[in-house]
Amino acid sequence: MNPTSHSILIGSLTDPFFPKPSSTSAGNVDDLFYFILAVSAFFFAVIVGAMFLFIFKYRERPGVDAQPSPSHNNLLEVGWSVVPGLFLGVIFYWGFTSYLDMRQPPDNSYEIQVTAKKWSWSFTYPNGHVDNNLHVPIDKPVRLVMSSDDVIHSLYIPSFRLKMDVIPGRYTSTWFEANSVGDFVLFCAEYCGTQHSQMLAKVVVHPSGEFDTWLENAANFMETMTPEQAGETLYQRRGCIQCHSVDGSAKTGPSFLDAYGSLQSMTDGTQIKVDENYLRESILEPQAKVRAGYKPVMPTYQGQLKNEEIAALIAYIKSLSKEASQ
Ligand code: CUA
């Protein structure tokens with residue numbers, strides 16, 4: 001399912017500018033935005049109104065000569081410096097204190113590790129579970145500790161009014177507390193290559209008490225599924241789905257449909273039969289043998305998938321091939 005359509009539609013029905021505020025700090029961000037918008041609109045109307053009034057009132061006409069403008073007026077000068085200064089002070093205080101709150105996670109925050117890479121997100125939970133979507137409990141502060149495997153990305157959840165760059169070679173962090181149950185969209189907000197616009201994830205806010213059950217089941221999925229089913233789950237969760245279709249259409253990478261057992265040309269001109277070893281090597285060392293017609297852009301999954309997970313993915317890819325069932 002494309003995660004974007006649903007939340008954006010709901011948001012546009014309830015708020016003229018933004019999706020429905022769904023985190024504890026979102027309301028404050030919106031209030032400040034609307035305050036600045038109202039102040040700007042008010043002074044725009046006053047200043048432009050006065051300008052047109054004076055243009056009309058003091059225009060040169062028969063019997064009235066154009067007057068040179070007065071060179072100095074203390075009251076006016078002080079007035080138009082101090083009044084905007086006061087508004088600026090209010091906006092700065094409001095913005096800065098909100099910013100400090102948004103930078104300082106509460107001590108009891110639940111920590112999730114975030115890894116961004118071209119072009120998918122992965123979220124690692126304290127029990128070791130890795131997921132392609134961000135699942136969080138409602139009404140609990142969540143701290144994200146983030147890093148990138150390649151270029152600069154940016155984690156952006158409009159419904160939470162949350163955005164933070166994700167940078168290779170160092171950690172950035174941010175936090176939020178979701179206060180609405182439901183699905184929200186997570187975007188990459190830093191241009192990171194051809195599939196940047198597809199670098200999406202879903203944020204699932206679980207009702208009170210249901211998050212722990214979800215996490216336990218999600219972490220133990222391998223034990224309750226056949227290898228093919230587990231492979232399909234990994235295919236969706238670990239980002240393969242972003243670049244590899246299962247319906248035969250070419251995306252950034254080759255389709256998995258009927259891939260196993262087929263004879264394929266590589267960029268170096270050699271021909272290779274797609275078997276278990278080729279698939280395993282392509283997951284761990286994607287650049288070793290690249291299919292002709294495709295760019296060497298896949299990131300390695302070395303150290304990120306366990307052996308049994310690689311085996312499950314291979315079992316899933318085999319199940320998508322006619323060759324395998326013969
Ligand atoms: Cu990642 Cu844009």
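Over region 235-326, the pair-distance histogram of Cα-Cα distances with 5 Å bins from zero comes to 3, 14, 25, 30, 20, 8, 1 percent, rounded to whole numbers. Extending 7 Å from the Cα toward the beta-carbon at both Asp258 and Tyr58 defines two label points whose distance is 8.1 nm. Phi angles of region 127-137 translate, via the Karplus equation with coefficients 6.51, -1.76, 1.60 and θ = phi - 60°, into HN-Hα couplings of 8, x, 5, 10, 9, 7, 10, 9, 9, 9, x Hz per residue; Gly and Pro are given as x. Loop-resident chymotrypsin sites (Phe, Trp or Tyr not before Pro) (DSSP state other than H, G, I, E or B) in region 211-276 with no more than 12 further Cβ atoms inside 10 Å of their Cβ are absent.
The trypsin sites (Lys or Arg not before Pro) found in region 19-116 that occupy coil by DSSP, while having at most 16 further C-beta atoms within 10 Å, are Arg59.
Once divided by 2.2 N^0.38 Å, the Cα radius of gyration of region 1-155 becomes 1.70. Using only alpha carbons, region 93-239 has a radius of gyration to Kirkwood radius ratio (Rg to Rh) of 0.97. Subtracting the Cα-Cα distance of Leu37 and Ala50 from 0.36 nm times their residue separation leaves 2.7 nm of extension gain. Only lysines eight or more places from Lys163 in sequence, or on another chain, were considered; those with a Cα closer than 26 Å are Lys20, Lys117, Lys118, Lys140, Lys202.
Please build a GNM for the chain, connecting alpha carbons under 10 Å apart, and tell me which residue among Asn133, Asn307, Asn73 fluctuates the most. Residue with maximal mean-square fluctuation among Asn133, Asn307, Asn73: Asn73.
At a probe radius of 1.4 angstrom, the accessible area of region 68-126 per residue rounds to 69 square angstrom. Between Ser245 and Val78, residue separation times 0.36 nm minus the direct Cα-Cα distance comes to 53.5 nm. A full extension of the chain between Gln236 and Thr97 corresponds to an added length of 46.0 nm, given 0.36 nm per residue minus the alpha carbon distance. Would you mind counting up the charge near Thr300? Only other residues with Cβ under 11 Å from its Cβ, with Lys and Arg at +1 and Asp and Glu at -1. Residues close to Thr300 contribute a combined charge of -3. With both labels modelled 7 Å from their Cα along Cα-to-Cβ, the Ser173 to Lys295 distance reads 3.5 nm. Distance from the alpha carbon centroid of region 122-142 to that of region 37-107 works out to 47 angstrom. Ranked by the mean number of other Cβ atoms within 10 Å per residue, highest first, peptides 146-153, 48-55, 262-269 order as 146-153, 262-269, 48-55. Ligands, DNA and RNA left out, the accessible area of the chain computed with a 1.4 Å probe is 59% carbon and sulfur. Straight-line cross-link partners of Lys289 among the aspartates and glutamates, defined as a Cα under 19 Å from its Cα and at least 8 positions apart when in the same chain: Asp258, Asp268, Asp275, Glu276, Glu281. Across region 99-107, rounded Karplus estimates of 3J(HN,Hα) from the backbone phi angles (6.51 cos²θ - 1.76 cosθ + 1.60, θ = phi - 60°) give 4, 4, 4, 6, 8, 10, x, x, 4 Hz, Gly and Pro being marked x.
The values are calculated or read from the model by the stated rules, or taken from the named source; none is laboratory data. Being a predicted model, the structure only gives us computed values, none of them experimental. Neighbour counts are summed over all protein chains in view; Cβ atoms, including those assigned to glycine, are modelled from backbone coordinates with ideal geometry. Remember, those area values only see protein heavy atoms, side chains included, never the ligands or the DNA or RNA. Shrake-Rupley method; radii C 1.70, N 1.55, O 1.52, S 1.80 Å.
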